[in-house]
Amino acid sequence: AEAPTAAAAPEAASAAAPAAAPVADSGLGKSVYNKTCALCHAAGIAGAPKPGNKDEWGPRIAQGKETLYKHAMEGFTGSKGAMPARGGNAKLTDEEVKAAVDFMADQSV
């Protein structure tokens, strides 16, 4: 009875391994947010929706992640304010921008 139990433990560990990838992504998103996005989003400057504010994020999230990514990467001017391309940091990669968008949006659903 002990051998199957021991064999089950490594399977459980390997099954948990894929779950680590999103955690790493949110770590990247949080890092990018803290270094670039928080300058406006933490204080709501120029209409930037604050992470966790469901009223502000809801209509944006409803447009779909691809639209959020596009606006964050290319920039966007809307009725509530302006989003500079890549948050004003042209050095950010697409992956970094998407991770930061995910980080903010995921707190706001």
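Just so it is clear, none of the values below were taken in a lab; they were calculated from the coordinates. No experiment lies behind these values; they were computed from the predicted model shown.
Couple of notes before you dig in:
- Segment Asn34-Ala46, extension gain: residue separation times 0.36 nm, minus the distance between their alpha carbons: 2.6 nm
- For the pair Asp55 and Lys70 in one chain, pulling the backbone fully straight at 0.36 nm per residue adds 3.3 nm over the alpha carbon distance.
- Per-residue extension of 0.36 nm, minus the Cα-Cα distance of Asp94 and Ser79, leaves a gain of 2.9 nm for this segment.
- The amide H of Met83, built 1.01 Å from its N in the peptide plane, has Phe76, Thr77, Gly78 as neighbours under 5 Å, considering only residues 5 or more places off or on other chains.
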